[in-house]
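First comes the structure, then the notes that go with it.
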Amino acid sequence: MDDVTVLLASAADGDQAAWNTLVARYNSLLWSVARGYRLDTADAHDVVQMTWLKLVEHLDRIEDPARLPGWLATTVRRECLQMLRRSRRDQPTDVVTDVADPAPPVEHAVLLAERDEALWRALGMLGERCQRLLRVLMASPAPTYSEVADALDMPIGSIGPTRQRCLDQLRKVALEDTVLRTAGEGA
């Protein structure tokens, strides 16, 4: 990640080429996260731009350049959530329609939320390297192995095997969590 350290420092000093390199390297990650929230193109564009603006504001305060992809992903997720909250507030309330709700039943949403919570909890129990790798690979569309290698300072040839080991660990931790939670509910 030494090159990210140099890029961040250079961008903070006003080097436009360094900034352009950062944008070229991580813009697809930001867009993939924003698209995952199903924002329309204009809102997704605004969210991505706000994330870049937040980075400009914090360029000199990024303590661990190796974690820049995670910082960007977290920032764009927060911006997406703020955008969604704002759009809900801006919707007219006097319009009532008798349209069937296409959303799945509440029970389905609850089960998905519990599953997601268990997976995030399990991910948090993994080592830092696995957490970073899996978070970067969760982007949609998935980044290329070359982008992952650059973002995590990792040889391309070790990404696949490391990913598999991390997923195996995640399954094990998630299964143990489910077994423990189920045993606790029966008591």
Residues of the range 16-63 being in a loop (DSSP other than H, G, I, E, B) and either open to solvent by 70 Å² or more (accessible area, probe 1.4 Å) or at pLDDT 95 or above (or both), in sequence order, are R38, D40, E63
Contact list, first residue from the range 166-187 and modelled with pLDDT of 85 or more, second anywhere and exposed (fewer than 11 other Cβ atoms within 10 Å of the Cβ) and not in a helix (DSSP H, G or I), beta-carbon distance below 9 Å, six or more apart or interchain, is C166/G127; Q169/G127
Among residues of the range 71-118 being among the polar types (S, T, N, Q) and at pLDDT 75 or above, the residue nearest to the chain's Cα centre (by Cα) is T74
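The values are calculated or read from the model by the stated rules, or taken from the named source; none is laboratory data. Computed from a predicted model, the values in this text were never measured in an experiment. Glycine also receives a Cβ, built like all others from the backbone with ideal geometry; neighbour counts cover every protein chain displayed. Side chains are part of the model used for accessible areas, which takes the heavy atoms of the whole protein and leaves out ligands, DNA and RNA. Shrake-Rupley method; radii C 1.70, N 1.55, O 1.52, S 1.80 Å.
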